[in-house]
Amino acid sequence: MNQTTLEELNQKFAIRDRLLFKAGPGGLTIAEIRHPGGEATVALHGGHVLAFRPHGQQPVLWLSRQARFETGGPIRGGIPVCWPWFADHPSDKAKPAHGFVRTTVWTVSAAETLADGSTRLKLSTADREETMKLWPHPFQLAIAVTVSDALRVGLTATNTGSEPFDCSGALHSYFNISAPANTRIKGLAEVAYLDKVDRMRRKLQDGDVSIDGETDRIYLDTTGACVIEDIGWQRRIDIAKTGSRTTVVWNPWVDKAAAMKDFGDDEYQTMVCVETANAHPDVVRLAPGESHTLEAVIRSGSMD
Ligand code: TA6
């Protein structure tokens, strides 16, 4: 158990019928957040939203049945927080993919019921000796998870040092789908993208995005919302965003799924990532004292 005990956390931050800390998978500390419109689970490990389900609906976020809940390791599914770099480190591939905060234990900084009745949990993390070895910049990073019938996730980075720095990252959201063949992603038509499956070639999206093979695309210069339409479940998932000019779409398909230990061989048929990102040209430069917020608002409902 890291910084404080469950008992101390609940004494300080629990909200009756709304927010409670528990020992979760692998003994990791989780917060269960409730609201009349929906519920969510958040792990302090990685500041990681593990689950979100509006009442009366299917779970919206996908979590691998082979996900690992281990100190120092990433969790496969939910919303991993990629920061201060997206994918490989720009100059040193030996550094961890997607940065280091997704494997860090975050601290609880606030828990409250907002004026509109929604429940909000705030977690934070900051630089320390180990992070400075990987990335020599002082920073403060906060995540605010707000639950109602929608899920709002805001990641705020602040430069607490005396030199400017560049950072990138993502809310690397995994969504449940009935099947790839039933799924269309709207909101990216006519948007240029880098195709990671085809040597980062630059292409133009023609109409809706369909998933019928390994897909790993970085959509550029796009600030619009996306919609995942699933005709199998007659469901639509709306993903609105701010502070982001990049959307990433990922499905590992057969071979990559089989190659990952924390991903079931057939699970590529049940998920798609639509990520709210700052990546590649969309790098955020923060001057000393400056902050940037990357935010996604996720809603789901029927297609009719
Ligand atoms: O966001 C897409 C991506 O960058 C893919 O290239 C793939 O590597 C995926 O993230 C998962 O990365 P991870 O480090 O969690 O295995």
task: Kindly check whether there is at least one residue in the range 171-180 that is over 30 Å from R68 (Cβ atoms), in contact with a strand residue (DSSP E or B) (Cβ under 9 Å, 6 or more places away or on another chain) and small (G, A, S).
output: no
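Can you tell me which of L63, L50, L19 is aliphatic (A, V, I, L, M) and more than 20 Å from V272 (Cβ to Cβ)? Working first, answer last.
Working: L63 fails: more than 20 Å from V272 (Cβ to Cβ); L50 fails: more than 20 Å from V272 (Cβ to Cβ).
Among L63, L50, L19, only L19 is aliphatic (A, V, I, L, M) and more than 20 Å from V272 (Cβ to Cβ).
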- prompt: List pairs: first in the range 237-253 and free of Cβ contacts under 8 Å to residues at least 12 places away in the same chain, second more than 10 Å from the ligand (Cβ to nearest atom) and in a strand (DSSP E or B), Cβ under 8 Å, 6+ apart or cross-chain?
  reply: none
task: Starting from the range 86-104, take each residue that is at pLDDT below 95 and list its partners that are within 12 Å of the ligand (Cβ to nearest atom), counting only C-beta distances under 9 angstrom and pairs at least six apart or across chains.
output: P90/S168
message: Please verify whether F69 is part of a loop (DSSP other than H, G, I, E, B), aromatic (F, W, Y) and in contact (Cβ under 8 Å) with a residue 24 or more places away in the chain, treating the condition exactly as stated.
response: yes
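Filter the range 158-177 for residues that are among the aromatic types (F, W, Y) and within 16 Å of the ligand (Cβ to nearest atom); which is farthest from G38 (Cα to Cα)?
The first filter runs over the range 158-177 and keeps only residues among the aromatic types (F, W, Y), leaving 165, 174-175.
Applying the additional criterion that residues be within 16 Å of the ligand (Cβ to nearest atom) yields 174-175.
Working: Y174: 18, F175: 16 Å.
Out of the qualifying residues, it is Y174.
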query: Among the residues of the range 22-29, is there at least one that is touching a residue at least 12 places away in the same chain (Cβ under 8 Å) and within 22 Å of G117 (Cα to Cα)?
result: no
query: Within the range 11-25, is there a residue that is surrounded by 13 or more Cβ atoms within 10 Å (Cβ to Cβ), over 27 Å from W62 (Cβ atoms) and among the aromatic types (F, W, Y)?
result: yes
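Sort through L141, L155 and tell me the only one that's in a strand (DSSP E or B), within 16 Å of the ligand (Cβ to nearest atom), closer than 30 Å to A43 by Cα and not basic (K, R). Spell out how you get there, then give the answer.
Details: L141 fails: within 16 Å of the ligand (Cβ to nearest atom).
It is L155.
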- request: Could you grab me the full set of residues in the range 80-113 that are within 12 Å of the ligand (Cβ to nearest atom) and not in a loop (DSSP other than H, G, I, E, B)?
  value: V81, C82, G99, R102, T103
task: Would you be able to tell me the number of residues in the range 69-79 that are within 29 Å of G37 (Cα to Cα) and away from the ligand (no atom under 11 Å from the Cβ)?
output: 3
- prompt: Considering the range 187-215 alone, what residues qualify as being within 16 Å of the ligand (Cβ to nearest atom) and crowded, with 18+ Cβ neighbours inside 10 Å?
  reply: L188, Y193, L194, V209, I211, T215
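Can we say A240 is within 16 Å of the ligand (Cβ to nearest atom), small (G, A, S) and outside any loop (DSSP other than H, G, I, E, B)?
Values: within 16 Å of the ligand (Cβ to nearest atom): no; small (G, A, S): yes; outside any loop (DSSP other than H, G, I, E, B): yes.
Spelling it out, it is not the case that A240 is within 16 Å of the ligand (Cβ to nearest atom), small (G, A, S) and outside any loop (DSSP other than H, G, I, E, B).
Residue check: is I218 modelled with pLDDT of 95 or more, closer than 23 Å to P281 by Cβ, surrounded by 22 or more Cβ atoms within 10 Å (Cβ to Cβ) and in contact with a Lys or Arg (Cβ under 8 Å, 6 or more places away or on another chain)? Break it down stepwise before answering.
On the way: modelled with pLDDT of 95 or more: yes; closer than 23 Å to P281 by Cβ: yes; surrounded by 22 or more Cβ atoms within 10 Å (Cβ to Cβ): yes; in contact with a Lys or Arg (Cβ under 8 Å, 6 or more places away or on another chain): yes.
Criteria met by I218.
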- prompt: Counting just the residues of the range 257-304 that are surrounded by fewer than 17 Cβ atoms within 10 Å (Cβ to Cβ) and without any contact (Cβ under 8 Å) to a residue 12 or more places away in the chain, which one comes out nearest to F86 (Cα to Cα)?
  reply: A259
Subset tally (residues that are of a type in the set (A, V, I, L, M) and either closer than 16 Å to I298 by Cα or assigned to a helix (DSSP H, G or I) (or both)) for the range 5-62: 10
field: Which numbered condition G77 misses (of (1) over 30 Å from I237 (Cα atoms); (2) surrounded by 21 or more Cβ atoms within 10 Å (Cβ to Cβ))
entry: (1)
- prompt: Which one of Y219, Y174 is more than 21 Å from T270 (Cα to Cα) and aromatic (F, W, Y)?
  reply: Y219
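Scan the range 259-304 for residues that are among the hydroxyl-bearing types (S, T, Y), closer than 25 Å to P90 by Cα and within 16 Å of the ligand (Cβ to nearest atom) and jot them down.
Restricting attention to the range 259-304, the residues satisfying the condition of being among the hydroxyl-bearing types (S, T, Y) are 268, 270, 276, 291, 293, 300, 302.
Among the residues that remain, those that are also closer than 25 Å to P90 by Cα are: 276, 291, 293.
Passing the criteria: only T276.
The values are calculated or read from the model by the stated rules, or taken from the named source; none is laboratory data. Bear in mind that the values here come from a model prediction, so they are computed numbers and not experimental data. Note that each Cβ is placed from the backbone with ideal geometry, even for glycine, and that neighbours are counted across all protein chains shown.
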